[in-house]
Amino acid sequence: MKDKKELLKARKKIINATKKAIDDFSMIEDGDSIMVCISGGKDSYTMLDMMIHFQKYGKTNFNFIAVNMDQKQPGFPEEVLPKYLSALKVNYKVIEKDTYSIVKEKIPEGKTMCSLCSRLRRGTLYDFARELKCNKIALGHHMDDIIETYFLNLFFSGKMEAMPPKYLIDNGDLMVLRPLSYCKESEIEVYSKLMDFPIIPCTLCGSQINLQRKKVKALLNEWEIDYPNRKAIIFRALQNISPSHLLDREIHNFIDLSPIKDSNLLV
């Protein structure tokens, strides 16, 4: 009984946060066909659960298909996701694409594989979304992912950029959504355990020990311990931008900035 109450409480938090993100960024519209990307991790399982919920109880009529990309990592349990998705009675497809061998061949031992792996996976998913006649793709990134990406770009790329909850790809024919943008990783972790999702560990990028993202995550977690609620404040800052108080001349016209010359206006 206690676990059931805890599950309902955890589920309510995830549902409310997801609904707010979907509403704030107008993510889903009537007639949408959405490809929901499932990796086998806690985040994608939670996102799928939310998509099922909002398709059933939401006010918007949309369709979705769950898609997993089998990248042929050694030891990947191919039977887990089909068994789980079949039990849910959701429409799904599995793409088989050996990006693992390409990444291992191209990236020297000890170097991070994320960038190449991500590009290969993204391109394959985009092509498959077009083949399935989907107009949108849903990814399982959450609030912590967005904050970590911001600091990764700040510290290592010299730019102020994060993960947008919604964006149009360069070709302009697909919209990418992040319905869990307002969800905290800690809350997803709790929900995932209570739901007993059949988690599939990542044996590619997830097994690397020197990832910059892991270091940034550890730094943010230390801040959170020393200064509780730091992550929430940082996330709020990403929604409260003042271009005139930064230095980017592309988004604020510093050149034509001048004081008022009419003395009557100064009275």
- Message: List the residue pairs whose Cβ atoms are under 8 Å apart, where the first residue sits in segment 166-185 and is touching a residue at least 24 places away in the same chain (Cβ under 8 Å) and surrounded by 13 or more Cβ atoms within 10 Å (Cβ to Cβ), the second is of a type in the set (Phe, Trp, Tyr) and assigned to a strand (DSSP E or B), and the two are 6 or more positions apart or on different chains.
- Response: Met175/Tyr167; Val176/Tyr167
- Task: Please specify each residue of segment 132-162 satisfying the condition of being farther than 13 Å from Val216 by Cβ and surrounded by fewer than 20 Cβ atoms within 10 Å (Cβ to Cβ).
- Result: Leu132, Lys133, Asn135, Gly158, Lys159, Met160, Glu161
- If you check every pair at least six apart or on different chains, which have Cβ atoms under 9 Å apart with a residue in segment 1-21 that is touching a residue at least 40 places away in the same chain (Cβ under 8 Å) first and a residue that is of a type in the set (A, V, I, L, M, F, W, C) and surrounded by fewer than 17 Cβ atoms within 10 Å (Cβ to Cβ) second? Asp3/Leu194; Glu6/Leu194; Leu7/Leu194; Leu7/Met195; Ala10/Leu194; Ala10/Met195; Arg11/Leu194; Arg11/Met195
- Note on the structure: Filtering segment 59-86 down to residues that are modelled with pLDDT of 95 or more, assigned to a loop (DSSP other than H, G, I, E, B) and over 18 Å from Lys133 (Cβ atoms) yields Thr60
- Query: Would a scan of segment 20-35 turn up a residue that is more than 20 Å from the chain's Cα centre (by Cα) and in a loop (DSSP other than H, G, I, E, B)?
  - Reply: yes
- Query: Quick one: would you say Ile147 is modelled with pLDDT of 95 or more, among the β-branched types (Val, Ile, Thr) and within 18 Å of Lys231 (Cα to Cα)?
  - Reply: yes
- Within segment 119-169, residues under 27 Å from Glu29 (Cα atoms), part of a loop (DSSP other than H, G, I, E, B) and out of contact with any helix residue (DSSP H, G or I) (no Cβ under 9 Å at 6 or more places or on another chain) come out as Leu132, Lys133
- Message: So, in segment 105-129, exactly how many residues are of a type in the set (D, E, K, R), surrounded by 14 or more Cβ atoms within 10 Å (Cβ to Cβ) and either farther than 15 Å from Cys202 by Cβ or modelled with pLDDT under 70 (or both)?
- Response: 1
- Task: Take segment 229-250 and flag every residue that is outside any helix (DSSP H, G or I) and either surrounded by 10 or more Cβ atoms within 10 Å (Cβ to Cβ) or over 24 Å from the mean Cα position of the chain (by Cα) (or both).
- Result: Leu238, Ile241, Ser242, Leu246, Leu247, Asp248, Arg249, Glu250
- Query: Based on what the data block shows, is Asp30 closer than 20 Å to Leu120 by Cβ and in contact (Cβ under 8 Å) with a residue 12 or more places away in the chain?
  - Reply: no
- Message: Filter segment 156-197 down to the residues that are farther than 30 Å from Pro243 by Cα and of a type in the set (Asp, Glu) and list them by number.
- Response: Glu187, Glu189, Asp196
- Message: Given (1) within 19 Å of the chain's Cα centre (by Cα); (2) surrounded by 13 or more Cβ atoms within 10 Å (Cβ to Cβ); (3) at pLDDT 95 or above, identify the lone condition not met by Arg213.
- Response: (3)
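The values are calculated or read from the model by the stated rules, or taken from the named source; none is laboratory data. Note that the structure is predicted; figures quoted are calculated from it, not measured. So basically every Cβ, Gly included, is an ideal-geometry build from the backbone, and we count neighbours across all protein chains shown.
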